[in-house]
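Asker: Dropping the structure in here first, questions after.
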Amino acid sequence: MTQTEVRQADWYGEDLSGQEHTGVAFVGVDLTEATDDGAVFSDCTFRDCRFNLSTHADAAFLNCTFTGCSFFSATFTDCKLVGSRFERCTFDLLTVSGGDWSFVGLAGADLTRATLTGVRLREAELRGLRGAGATLRGLDLSAAELHDADLSGADLRGSDLSAVDPRTVELTGAQIDVPQAVVLVTALGMCVRPDAPD
């Protein structure tokens with residue numbers, strides 16, 4: 001539950017490093033090109049905010065809600081977004097490297113032009129995710145909900161695909177490695193065995 005509100009603030013290019021906010025509602029705030037090293041936002045809401053070209057490192061957005069926000073070319077490095085939810089947000093050219101995004105809600109999100117590498121997404125809500133052609137490498141997707149996700153043509157190499165049901169996720173043209181292929185074939189009920197000797 002939010003306690004205070006920041007409305008229509010111009011934080012263009014601001015340095016948010018080290019700031020701490022709890023229970024704040026940010027409405028229409030312009031965070032374009034803002035920098036953020038180690039800031040902590042807990043139980044905050046962001047509505048119609050612009051994070052375009054912003055950079056965040058070792059920051060935390062814990063149990064936050066983002067609605068109608070733009071993340072064009074935003075960068076998150078080793079950030080924690082555990083339990084946060086995104087609704088009607090845009091993620092063109094978003095780059096996420098490392099960090100913990102477990103339990104995050106990205107149902108129906110369009111990540112087709114996003115790059116996520118080495119991110120922990122355990123038990124994330126990714127139902128209906130649109131990730132065709134996206135770079136989604138080295139992700140921990142264990143116990144994530146991926147029903148009806150479109151990962152066609154995506155680069156999934158190195159990601160944990162144990163939660164992926166090939167019968168309910170579109171994987172046509174996706175790039176995977178050999179261990180992942182074994183996981184997916186096993187999920188289809190088949191057994192991978194070496195050739196029998198002549």
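Asker: Which whole-Hz ³J(HN,Hα) couplings does the stretch 77-92 yield from phi under the Karplus relation 6.51 cos²θ - 1.76 cosθ + 1.60, θ = phi - 60°, glycine and proline marked x?
Answerer: Going residue by residue, I get 10, 6, 9, 10, 10, 4, x, 7, 10, 10, 10, 6, 9, 10, 10, 4 Hz, with x marking Gly and Pro.
Asker: Counting other C-beta atoms within 10 Å, and keeping those with at most 16, which DSSP coil trypsin sites (Lys or Arg not before Pro) do you find in the stretch 6-85?
Answerer: Numbers: sites: Arg7, Arg47, Arg50, Lys80, Arg85; in loops: none.
When the trypsin sites (Lys or Arg not before Pro) of the stretch 6-85 are filtered for loop state and at most 16 Cβ neighbours within 10 Å, nothing remains.
Asker: In a Gaussian network model over the chain where Cα atoms closer than 10 Å are linked, find which of Asp15, Asp177, Asp37 has the largest mean-square fluctuation.
Answerer: Asp177
Asker: Quick check: from the Cα gyration tensor, does the stretch 1-103 come out rounded (a/c under 1.5), prolate or oblate?
Answerer: rounded
Asker: When a footprinting reagent is the concern and you count Cβ atoms within 10 Å, what order do His56, His21 take, fewest first?
Answerer: Ranked by crowding around the Cβ, least crowded first: His21, His56.
Asker: Turning to a different aspect of this structure: Apply the a/c threshold of 1.5 to the C-alpha gyration tensor of the chain and tell me whether it is rounded, prolate or oblate. Walk me through the numbers before you get to the answer.
Answerer: Working: a/c = 2.49, a/b = 2.42, b/c = 1.03.
It comes out prolate by the Cα gyration axes.
Asker: Another question about this same structure. Could you tell me how many degrees, from 0 to 90 and to the nearest 10, lie between the Cα long axis of helix 178-187 and the main elongation axis, the longest principal axis, of the Cα atoms of the chain?
Answerer: Around 80 degrees separate the two axes.
Asker: Still on this model: Which distance in Å, rounded to a whole number, links the C-alpha centroids of the stretch 138-158 and the stretch 49-102?
Answerer: Cα centroid of the stretch 138-158 versus Cα centroid of the stretch 49-102: 18 Å apart.
Asker: Restricting attention to the stretch 102-170, which trypsin sites (Lys or Arg not before Pro) occupy a DSSP loop and are surrounded by at most 11 other Cβ atoms within 10 Å?
Answerer: Numbers: sites: Arg113, Arg120, Arg122, Arg127, Arg130, Arg137, Arg157, Arg167; in loops: Arg113, Arg122, Arg127, Arg157, Arg167.
Counting only loop positions with at most 11 other Cβ atoms within 10 Å, the trypsin sites (Lys or Arg not before Pro) in the stretch 102-170 are Arg167.
Asker: Right, another one. Run the helix sum for the chain: -39,500 (n - 2.57) per DSSP H stretch of 4+ residues, divided by residue count, reported at 222 nm to the nearest 500 deg cm²/dmol.
Answerer: After summing the helix terms and dividing by residue count, I get -1500 deg cm²/dmol.
Asker: Now, a different point. In terms of modelled amide H atoms, which long-range or inter-chain residues lie less than 5 Å from the amide H of Val96?
Answerer: Phe76, Thr115, Leu116, Thr117
Asker: Oh, and also: Please label the shape of the stretch 1-41 as rounded, prolate or oblate, based on the square roots a ≥ b ≥ c of the eigenvalues of the alpha-carbon gyration tensor (a/c under 1.5 means rounded; beyond that, a/b larger than b/c means prolate, else oblate).
Answerer: Here the stretch 1-41 falls in the oblate category.
Asker: Say we join alpha carbon atoms closer than 10 Å with springs in a Gaussian network model of the chain; which of Val183, Val119, Val164 then has the biggest fluctuation?
Answerer: Checking each option, the largest mean-square fluctuation is seen for Val183.
Asker: At a temperature of 25 °C and a viscosity of 0.890 mPa s, determine how fast the stretch 57-123 diffuses translationally according to Stokes-Einstein, using the Kirkwood radius over alpha-carbon pairs as Rh; express D in µm²/s, rounded to the nearest whole number. Write out the running numbers ahead of the final one.
Answerer: Values: Rh = 11.7 Å.
Roughly 210 µm²/s, to the nearest whole number.
Asker: For the chain, what's the relative contact order in percent, using C-alpha pairs closer than 8 Å and at least 6 residues apart?
Answerer: 10
Readers should treat all values here as calculations from the given coordinates under stated rules, not as data from a laboratory. Worth saying up front: this structure is predicted, and the values here are computed from it rather than measured. Cβ sites come from the backbone with ideal geometry, for glycine too, and all protein chains shown count toward neighbours.
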